[in-house]
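S.K.: Handing you this structure, nothing more for now.
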Amino acid sequence: MKKEKYMSWDCYFMAVAILSSFRSKDKKTQNGACIVNAHKRIVGVGYNGLPRGLSDELPHVWEDEDDKNIYCSKHTYVIHAEQNAIHNRISQNLEDATLYVTQFPCKECTKSIVQVGIKKVVYLRKKLNHEEENKAAELMFRSAEIEYISFNDLDIEDKEFVTLLTQTNEFYEN
Ligand SMILES: [Zn+2]
């Protein structure tokens, strides 16, 4: 007997992105990303964190000072989830790949996404108070003919699972 109800691809891949975000040590923002190739195979995952080999105990690297002091800002040291997923990929070929990501990409990640040939971005939420940067990313996506869509706008029936999974992050709150 075939099971009638099972997880959609979109929900599955976004769930992998969310699970990856649970690895992040950033107190304020935990993001995850999952790259899926044209054959629906996961070829890269990542979360926001320090470059390989850098100690998480280094002073200043997790400070969030809004870039007033570049030496003491996490924005100097942390690699975003999308970039990490791209760096970690097991396949060179990302043509027609889809990126599932917990937050709409920043301008820097957008450039990398465009450059490696990803053709679609599915995001969970948009960063508030970053309208201009979001607009710039959208401009780049549109110009490069990359589709971007909010997970909530997808035509699938199991979106609620992702909402429930997001809430489980409280398990790791301290
Ligand atoms: Zn980014």
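Yes or no, residue by residue, for (1) part of a helix (DSSP H, G or I); (2) not small (Gly, Ala, Ser):
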| position | (1), (2) |
| --- | --- |
| Asp56 | no, yes |
| Glu82 | yes, yes |
| Ser91 | no, no |
| Leu99 | no, yes |
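S.K.: Something else: Please enumerate the residues belonging to segment 70-113 that are among the β-branched types (Val, Ile, Thr), more than 10 Å from the ligand (Cβ to nearest atom) and surrounded by 19 or more Cβ atoms within 10 Å (Cβ to Cβ).
M.R.: Ile86, Thr98, Thr102
S.K.: Counting just the residues of segment 8-30 that are of a type in the set (Phe, Trp, Tyr) and free of Cβ contacts under 8 Å to residues at least 60 places away in the same chain, which one comes out surrounded by the most Cβ atoms within 10 Å (Cβ to Cβ)?
M.R.: Looking at the filtered set, the residue picked out is Tyr12.
S.K.: Could you list, in sequence order, all residues of segment 165-174 that are more than 17 Å from the chain's Cα centre (by Cα) and surrounded by 10 or more Cβ atoms within 10 Å (Cβ to Cβ)?
M.R.: Hits for segment 165-174 are Thr168, Tyr172.
S.K.: Of all residues being assigned to a loop (DSSP other than H, G, I, E, B) and more than 9 Å from the chain's Cα centre (by Cα) in segment 31-49, which is surrounded by the most Cβ atoms within 10 Å (Cβ to Cβ)? Just the residue, please.
M.R.: So, considering only residues that are assigned to a loop (DSSP other than H, G, I, E, B) and more than 9 Å from the chain's Cα centre (by Cα), the one surrounded by the most Cβ atoms within 10 Å (Cβ to Cβ) is Asn37.
S.K.: Would you check if there is a residue in segment 90-103 being among the aromatic types (Phe, Trp, Tyr), touching a residue at least 40 places away in the same chain (Cβ under 8 Å) and closer than 14 Å to Ile146 by Cα?
M.R.: Looking for residues that are among the aromatic types (Phe, Trp, Tyr), touching a residue at least 40 places away in the same chain (Cβ under 8 Å) and closer than 14 Å to Ile146 by Cα, one finds at least one in segment 90-103, hence yes.
S.K.: Go through (1) of a type in the set (A, V, I, L, M); (2) within 15 Å of the ligand (Cβ to nearest atom); (3) in a helix (DSSP H, G or I) for Met14 and report which single condition fails.
M.R.: Result: Met14 passes all but (2).
S.K.: Which of the following residues is on the phi < 0 side of the Ramachandran plot, free of Cβ contacts under 8 Å to residues at least 12 places away in the same chain, of a type in the set (D, E, K, R) and assigned to a loop (DSSP other than H, G, I, E, B): Glu157, Glu65?
M.R.: Glu65
S.K.: Can you name every residue in segment 114-138 that is farther than 12 Å from Val43 by Cβ, hydrophobic (A, V, I, L, M, F, W, C) and either within 13 Å of the ligand (Cβ to nearest atom) or assigned to a loop (DSSP other than H, G, I, E, B) (or both)?
M.R.: Listed by number, the residues that qualify are Val114, Val121, Leu128, Ala136, Ala137.
FYI, it's all coordinate maths here, none of it is from the lab. Just so you know, these numbers come straight off a predicted model, no measurement behind them. A quick note on method: Cβ atoms are made from the backbone with ideal geometry, for glycine too, and the neighbour counts reach across all protein chains shown.
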